[in-house]
1. Can you report the number of residues in the range 1-19 which are farther than 17 Å from residue 56 by Cα, in contact with a Cys (Cβ under 9 Å, 6 or more places away or on another chain) and loosely packed, with under 15 Cβ neighbours inside 10 Å?
2. Return the residue satisfying two criteria in turn: it lies in the range 20-67 and is surrounded by fewer than 17 Cβ atoms within 10 Å (Cβ to Cβ) and touching a residue at least 60 places away in the same chain (Cβ under 8 Å), and of such residues it is farthest from residue 94 (Cα to Cα).
3. Residues being among the aliphatic types (A, V, I, L, M), in a loop (DSSP other than H, G, I, E, B) and closer than 15 Å to residue 34 by Cα: count how many of those fall in the range 58-104.
4. Please work out which residue is farthest from residue 98 (Cα to Cα), limiting yourself to the range 71-86 and to residues that are without any contact (Cβ under 8 Å) to a residue 40 or more places away in the chain and among the hydrophobic types (A, V, I, L, M, F, W, C).
5. Does residue 21 meet the test of being in contact with a Phe, Trp or Tyr (Cβ under 9 Å, 6 or more places away or on another chain) and either part of a helix (DSSP H, G or I) or of a type in the set (S, T, N, Q) (or both)?
6. When you look at residue 107, is it in a helix (DSSP H, G or I) and either surrounded by 18 or more Cβ atoms within 10 Å (Cβ to Cβ) or at pLDDT below 95 (or both), yes or no?
7. Go through the range 68-86 and report how many residues are surrounded by 14 or more Cβ atoms within 10 Å (Cβ to Cβ) and over 13 Å from the mean Cα position of the chain (by Cα).
8. Considering only residues that are part of a strand (DSSP E or B) and in contact with a Ser or Thr (Cβ under 9 Å, 6 or more places away or on another chain), look in the range 24-49 and name the one that is nearest to residue 60 (Cα to Cα).
Amino acid sequence: MHQIVIDELSPMERDNIDSYLKRSLKHGPMIGLYWLTLPDDLLSPVQHKHQPCGPFHVAIEVERDKMRCELLVRSESNLHCHCTAYATSAQRQFIFDFIDRMIKEEQIRA
């Protein structure tokens, strides 16, 4: 799995990240799992053609001492469709910008 990992988080940093994600993102089906929704203008051509499969998200998971962000863009309604794919360059930049903003705002030093 291609992913971004921020590890060696202190308990306070982990709580700050979790709080930020709770305020900013859609909650996933499990505790500590969040969905970063991609804007329509960043969808790939295949994802644009598959609007009924949308919205499209990447998963961010907060664990005891780390945060992981998958670089797999998932369909909310159809996990086995070919519109689920690894993030394009533009989508990766969107993800990195979100994470960079979160790290700065929450003063993460890990």
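1. Total meeting the criteria: 1.
2. Among those that are surrounded by fewer than 17 Cβ atoms within 10 Å (Cβ to Cβ) and touching a residue at least 60 places away in the same chain (Cβ under 8 Å), it is 66.
3. The number of residues fulfilling the criteria is 1.
4. Checked the range 71-86; the qualifying residue farthest from residue 98 (Cα to Cα) is 81.
5. Details: in contact with a Phe, Trp or Tyr (Cβ under 9 Å, 6 or more places away or on another chain): yes; either part of a helix (DSSP H, G or I) or of a type in the set (S, T, N, Q) (or both): yes.
Yes, satisfied.
6. no
7. So the count comes out to 5.
8. The extreme case among them is 34.
The values are calculated or read from the model by the stated rules, or taken from the named source; none is laboratory data. Since the model is a prediction, treat every value here as computed from it, not as a measurement. For neighbour counting, all protein chains shown are included, and Cβ atoms are generated from backbone atoms with ideal geometry for every residue, glycine included.
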